[in-house]
Amino acid sequence: AQGDPMALARLRREVDTARELAHPNVVRTFDAGEADGIHYLTMEYVEGRSLRTLVQDGGPLSVRAAVEAARQICRALAHAHAHGVLHRDVTSHNAILTPAGVLKITDFGAARFADVPRGVTETGTLIGTPAYMAPEVLRGQPHDVRADVYAVGVVLYECLTGHPPFAGAGGSMLVLTQVLETDPEDPCALRRDVPRALCDLVLAAIAKDPAARPASAEAFERRLAELA
């Protein structure tokens with residue numbers, strides 16, 4: 001990507017976006033530079049493991065741990081949204097849990113400011129991870145903070161069940177079709193110890209209609225706190 005102007009623009013975009021954010025649940029990004037023709041980005045070092053690795057290695061998290069992880073992601077996103085920044089690529093892979101139990105969100109390479117309708121990532125190419133992307137994003141429709149809420153719902157579903165709601169072996173096109181057209185399986189049908197109220201909240205967060213989801217990351221966090 002060193003000779004790709006678009007990739008370099010995304011790198012600079014990530015730095016400019018992430019430097020707007022300072023929150024305990026957001027990995028700090030400091031600067032970008034170039035040395036001997038190699039472009040680089042400097043970030044806070046975080047010792048820990050991604051939620052994806054934790055689930056893959058140890059199976060689904062406890063209900064309490066899954067809810068706490070989702071709450072911390074929501075707090076990170078609420079901070080970003082308050083600064084007008086949509087993340088747009090929240091996944092279990094870029095949610096890092098430290099040994100102290102602090103979860104940090106990284107990778108703002110797909111982010112954009114909420115009041116900027118088009119940016120360097122929007123060139124007709126799909127940017128993001130289809131299994132975590134809201135239907136309106138996949139359709140190329142206007143979207144808002146509820147697209148990030150959807151992604152948190154997918155991550156929470158994965159932490160509770162061991163896999164995202166749509167993540168078959170048929171490749172990204174099958175996943176894309178499922179996200180757009182298929183209802184997710186009820187997490188309570190996959191795991192008996194998950195409370196019914198939590199399953200209902202997860203299903204609301206990943207509803208295909210944005211109006212059916214929690215209205216914001218802050219609202220989602222509040223409802224999770226009530227359940228916790």
- Within the stretch 170-212, which residues are small (Gly, Ala, Ser), buried (at least 19 other Cβ atoms within 10 Å of the Cβ) and in a helix (DSSP H, G or I)? Ala205
- Item | Qualifying residues in the stretch 101-139 (those that are surrounded by fewer than 16 Cβ atoms within 10 Å (Cβ to Cβ) and at pLDDT 85 or above) - the one farthest from Glu20 (Cα to Cα) | Arg139
- Would you check if there is a residue in the stretch 53-60 being of a type in the set (Val, Ile, Thr) and part of a loop (DSSP other than H, G, I, E, B)? no
- Restricting the stretch 1-41 to residues that are in a strand (DSSP E or B) and loosely packed, with under 10 Cβ neighbours inside 10 Å, the one modelled with the highest pLDDT turns out to be Ala35
- Query: Pick from Asp183, Asp193: which is modelled with pLDDT of 90 or more, over 23 Å from His81 (Cα atoms), over 19 Å from the mean Cα position of the chain (by Cα) and charged (D, E, K, R)?
  - Reply: Asp193
- Selection within the stretch 42-52 - surrounded by 13 or more Cβ atoms within 10 Å (Cβ to Cβ) and in a strand (DSSP E or B): Met43, Arg49, Ser50
- Item | Among (1) part of a helix (DSSP H, G or I); (2) out of contact with any Asp or Glu (no Cβ under 8 Å at 6 or more places or on another chain) - the single one Ala215 does not satisfy | (1)
- Message: List the residue pairs whose Cβ atoms are under 8 Å apart, where the first residue sits in the stretch 6-27 and is without any contact (Cβ under 8 Å) to a residue 24 or more places away in the chain, the second is open to solvent by less than 40 Å² (accessible area, probe 1.4 Å), and the two are 6 or more positions apart or on different chains.
- Response: Arg12/Ala32; Arg19/Thr29
- Query: Taking only pairs six or more apart or across chains, which ones have beta-carbon atoms under 6 Å, a first residue in the stretch 134-147 that is of a type in the set (Asp, Glu), and a second residue that is open to solvent by less than 70 Å² (accessible area, probe 1.4 Å) and in a loop (DSSP other than H, G, I, E, B)?
  - Reply: Glu136/His143
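The values are calculated or read from the model by the stated rules, or taken from the named source; none is laboratory data. None of these values were measured; they are calculated from a predicted model. Using ideal geometry, Cβ is built from the backbone for each residue, glycine included, and neighbour counts are taken over all protein chains shown. Side chains included, ligands, DNA and RNA excluded: accessible areas come from the protein's heavy atoms. Shrake-Rupley method; radii C 1.70, N 1.55, O 1.52, S 1.80 Å.
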